[in-house]
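Beneath this line is the structure, given in structure tokens, with notes to follow.
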Amino acid sequence: MIIANFKSNKNKSEISEWAQKFQQLAPSIQHSVVLCPPTPHLVAFETIRSERISLGVQDISSYPAGSYTGAVSTHNLVGFGVSAAIVGHSERRSHFHETNQDIANKVRECLAAGLTPIVCVSASEVVATANALDASERAKCVVAFEPIEHIGTGTSDTLAHILETKDQVISAFGKVPYIYGGSVNLSTAPEILHSPEIDGFLVGSACLDAQTFHSLIQSCA
Ligand code: PGA
């Protein structure tokens, strides 16, 4: 599973240019790819969706549909073909002060709506994030290890540390899919991209160019 997190990048014309380029390259893709554009741009990716390429959001409301101004609920997404949501990204935790309780509520909203929650944790957050969920909820998460010191820095973590953290994740969450994010690109991460122990990647900067992102996908084992 390779997840593209566009963060708050790209306007309407930039997204449609990306979509056009990626659509041409998409037929050769053999991996599962989840595209998480800024929410207003989901429609631009509608025609790219396929058996292998699905759509996700970068965050979800911790509340159901209702009077929660500015929040995007799972109900708002019905009809857009969204199947996953990134939850608890470090940028949400730091800039928007999200707590593990907020993250647990978001996971519950996802699960109630049939969306896969992709729960982001740094190594120090693994246990507290897992403890805010019950066992049946934990079992339905995909966990993304996202070391803050490697996000957007151009250096990825070592395979040894990623695998060490995997052990912590599996003991806290159970045997869930385990993915890595933090400056994943062709030059920083060749050994990580080929590790059979890692079930996927969460890609930020390296997804912003369609051709580069496609090359990254193609280089994964
Ligand atoms: P990056 O972002 O690839 O730019 O480091 C990854 C992330 O924030 O998930």
Would you call residue 104 within 19 Å of residue 138 (Cα to Cα), surrounded by 15 or more Cβ atoms within 10 Å (Cβ to Cβ), modelled with pLDDT of 95 or more and away from the ligand (no atom under 16 Å from the Cβ)?
yes
What are the pairs, 6+ residues apart or on separate chains, where a residue within segment 163-191 that is under 19 Å from residue 208 (Cα atoms) has its Cβ under 7 Å from a residue that is within 16 Å of the ligand (Cβ to nearest atom) and among the aromatic types (Phe, Trp, Tyr)?
180/145; 180/201; 181/201; 184/201
Just to be sure I understand, how many residues within segment 146-162 are without any contact (Cβ under 8 Å) to a residue 40 or more places away in the chain, within 15 Å of the ligand (Cβ to nearest atom) and either in contact with a His (Cβ under 9 Å, 6 or more places away or on another chain) or aliphatic (A, V, I, L, M) (or both)?
4
Tell me, which residue of segment 170-191 that is buried (at least 22 other Cβ atoms within 10 Å of the Cβ) and over 16 Å from residue 89 (Cβ atoms) is farthest from the ligand (Cβ to nearest atom)?
173
Quick one: in segment 192-218, which of the residues that are among the polar types (S, T, N, Q), in contact with a helix residue (DSSP H, G or I) (Cβ under 7 Å, 6 or more places away or on another chain) and modelled with pLDDT of 95 or more is nearest to the ligand (Cβ to nearest atom)?
212
Scanning segment 25-51 residue by residue, those of a type outside the set (Val, Ile, Thr), surrounded by 14 or more Cβ atoms within 10 Å (Cβ to Cβ) and part of a loop (DSSP other than H, G, I, E, B) turn out to be 31, 32, 37, 38, 49
Hey, among 221, 139, which residue is at pLDDT below 95 and surrounded by fewer than 21 Cβ atoms within 10 Å (Cβ to Cβ)?
221
Does residue 81 meet the test of being surrounded by fewer than 18 Cβ atoms within 10 Å (Cβ to Cβ) and touching a helix residue (DSSP H, G or I) at 6+ places or on another chain (Cβ under 8 Å)?
yes
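Table: residues versus (1) under 18 Å from residue 5 (Cα atoms); (2) more than 16 Å from the ligand (Cβ to nearest atom); (3) free of Cβ contacts under 8 Å to residues at least 40 places away in the same chain; (4) in contact with a strand residue (DSSP E or B) (Cβ under 8 Å, 6 or more places away or on another chain).
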position: 91; (1), (2), (3), (4): yes, no, no, no
position: 99; (1), (2), (3), (4): no, yes, yes, no
position: 109; (1), (2), (3), (4): no, yes, no, no
position: 136; (1), (2), (3), (4): no, yes, yes, no
Qualifying residue in segment 112-121 (condition: away from the ligand (no atom under 16 Å from the Cβ), in contact with a Leu (Cβ under 9 Å, 6 or more places away or on another chain), of a type outside the set (Lys, Arg) and over 20 Å from residue 206 (Cβ atoms)):
yes
For the list (1) free of Cβ contacts under 8 Å to residues at least 24 places away in the same chain; (2) more than 17 Å from the chain's Cα centre (by Cα); (3) closer than 26 Å to residue 147 by Cα, I need the number of the one condition that residue 105 fails.
(1)
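The values are calculated or read from the model by the stated rules, or taken from the named source; none is laboratory data. Because the structure is predicted, anything quoted here is derived from the model rather than measured. Every residue, glycine among them, receives a Cβ derived from its backbone with ideal geometry; neighbour counts consider all protein chains shown.
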